[in-house]
Amino acid sequence: MSYGAELGYERFTDAKDAPEKQMYHIRPEINLGFGRNFLHLNAELGWIDRTDRGAYIETEPLYLYRVTDNFNIGAKAYYHAEDNDYRWRETAIRPLIQYRFANSTYLELRWEIGGIRTHDGSGYNYNNYGLYTEIPFNPTISFMADLQYKDQKQHRGNEWSWGDKEDIFAKVGFILNF
């Protein structure tokens with residue numbers, strides 16, 4: 001068993017006409033291992049600072065089964081809810097595979113099947129394909145990259161909907177382990 005807490009700040013600059021936003025959050029988490037089975041539980045509580053300000057909650061529990069010492073299969077469930085003018089909710093299931101190479105480089109491939117709904121029932125159904133990696137420099141510092149492609153299909157569109165769309169997402173950073 002292990003546990004931790006993450007404090008975070010994120011700044012987003014979006015499309016040409018979209019407002020910038022800043023997010024602040026805290027995420028407590030716990031990890032439980034039972035033989036070849038692993039369970040990760042977390043809950044993120046945060047505040048979004050932009051024109052439609054509001055609080056949010058997010059959780060992403062993870063279950064893994066260890067096939068070998070280096071290879072895991074599993075799934076994540078995802079839930080995100082924002083309390084702002086749009087009151088949007090997102091839910092998803094993420095089947096995944098993980099592999100750790102001999103040099104401790106970590107690779108995760110995942111497929112996400114989900115949906116987003118706003119206060120009026122409009123939103124999107126989507127498929128998201130992702131690759132996540134952590135490459136250690138030493139026992140304390142690792143480089144991380146999260147790359148994703150999302151194919152979204154409009155659900156009950158309205159005058160504010162953007163229609164069907166495709167997104168590309170990339171996040172890179174450093175991880176410090178203490």
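Asp120 fails exactly one of the following numbered conditions: (1) part of a loop (DSSP other than H, G, I, E, B); (2) in contact with a Pro (Cβ under 7 Å, 6 or more places away or on another chain); (3) of a type outside the set (Lys, Arg). What is the number of that condition?
Condition (2) is where Asp120 drops out.
Taking region 153-178 on its own, how many of its residues are more than 28 Å from Tyr3 (Cα to Cα) and over 22 Å from the mean Cα position of the chain (by Cα)?
Residues flagged as more than 28 Å from Tyr3 (Cα to Cα) and over 22 Å from the mean Cα position of the chain (by Cα) within region 153-178 amount to 8.
Please count how many residues of region 101-111 are over 19 Å from Val172 (Cα atoms) and at pLDDT 95 or above.
Selection size over region 101-111: 2.
Pull up region 134-178, narrow it to residues that are over 24 Å from Leu107 (Cα atoms) and among the small types (Gly, Ala, Ser), then point me to the one that is surrounded by the fewest Cβ atoms within 10 Å (Cβ to Cβ).
It comes out as Gly163.
Just give me the residues in region 59-103 being more than 15 Å from Leu39 (Cα to Cα) and of a type in the set (Lys, Arg), in sequence order.
Across region 59-103, the qualifying residues are Arg87, Arg89, Arg100.
So which pairs qualify, if the first residue must be in region 1-12 and in a strand (DSSP E or B) and surrounded by fewer than 10 Cβ atoms within 10 Å (Cβ to Cβ), the second must be charged (D, E, K, R) and modelled with pLDDT of 90 or more, the Cβ gap must be under 9 Å, and the two must be at least 6 apart or on different chains?
Close Cβ pairs (under 9 Å, with a partner that is charged (D, E, K, R) and modelled with pLDDT of 90 or more) amount to Ser2/Glu29; Ala5/Arg27; Ala5/Glu29; Leu7/Arg27.
The values are calculated or read from the model by the stated rules, or taken from the named source; none is laboratory data. What you see is a predicted model; the values in this text were computed from it and never measured. With ideal geometry, Cβ positions are generated from the backbone for all residues, glycine too; neighbour counts draw on all protein chains shown.
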